[in-house]
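One structure is given here, and the rest of the page talks about it.
Every read-out reported here was derived from the displayed coordinates using simple, explicitly stated rules and does not represent laboratory data. These numbers come from a predicted model, not from an experiment. Here the Cβ positions follow ideal geometry from the backbone for every residue, glycine too, while neighbour counts run over all protein chains shown.
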Amino acid sequence: MVKERSRGRDIGRLNAFTDGVMVVSMTLLILNVELPENILGLDGAPLLHALAALWPRFLGYVLSFLVISQYWLGYTRRFGEMRAADERFAQINILFLLVIGFVPFATALISRNSGGVATSLYAATMVVASALHMLLWTYAVRSGLAEPGEPPGRRWREQSRSIETIFIFGASIIVAQYDSHLARWMWVLLAVPLLPRSATEGS
């Protein structure tokens, strides 16, 4: 049962707002993949070469799109059945969305700069986003906002995704100080299983 003090916030409106911010952030990611300036004069092998040169930006787009998708899937699984939310939950949610809105900028940065600072900033963005996502769920459970009767095993699976993301991106920040390319390869550990894992563990 949702506590009486939590009924001051309409969870439906909050969920719609969250969906909107995530969708806009995911849409903005593709704007980072800019076509070559001389695209009109290219064809055949030269065009393919020019498009292939954009692979870092395509990679950044795909990675960030999948990560934000994972946050969205987790959000809908965790909070889709909540009937209301309190002021503190809404405040944490806004902080989470503040970081999500920053992801397109961080993605554009790593697509154009392969250095350690750019890599660390992107990884740190994901660490903060995952920590806030985890804090949202922890607060909802401890405050009685989450629906009762959910199996403990499912709660652990939900939290383990955030812990895994924090660990890998956090470790990549350390590795980036020595080898930024290796640090980015570490992110593949998260990107590869995202969609299959979400589909199989949704219940």
> Ranking THR18, THR138, THR107 by Cβ neighbours within 10 Å, fewest first, what do you get?
Replying inline: THR138, THR18, THR107
> Going highest first, how would you order 92-98, 20-26 by mean Cβ packing within 10 Å?
Replying inline: 92-98, 20-26
> Given 0.36 nm per residue, what is the gain on full extension from VAL188 to LEU66 after removing their alpha carbon distance, in nm?
Replying inline: 42.8 nm
> Tell me, what HN-Hα J-couplings in whole Hz come from the Karplus equation 6.51 cos²θ - 1.76 cosθ + 1.60 at θ = phi - 60° for each residue of segment 27-34, using x for Gly and Pro?
Replying inline: 5, 5, 4, 6, 5, 6, 8, 8
> Tell me, what ³J(HN,Hα) does each residue in segment 89-96 have, in order and in whole Hz, if you take phi through Karplus 6.51 cos²θ - 1.76 cosθ + 1.60 with θ = phi - 60° and put x for Gly and Pro?
Replying inline: 4, 5, 5, 5, 4, 5, 4, 4
> How much FRET efficiency would the formula 1/(1 + (r/R0)^6) give for HIS181 and VAL24, where r is the Cβ-Cβ distance and R0 is 35 Å, rounded to 0.05?
Replying inline: 0.70
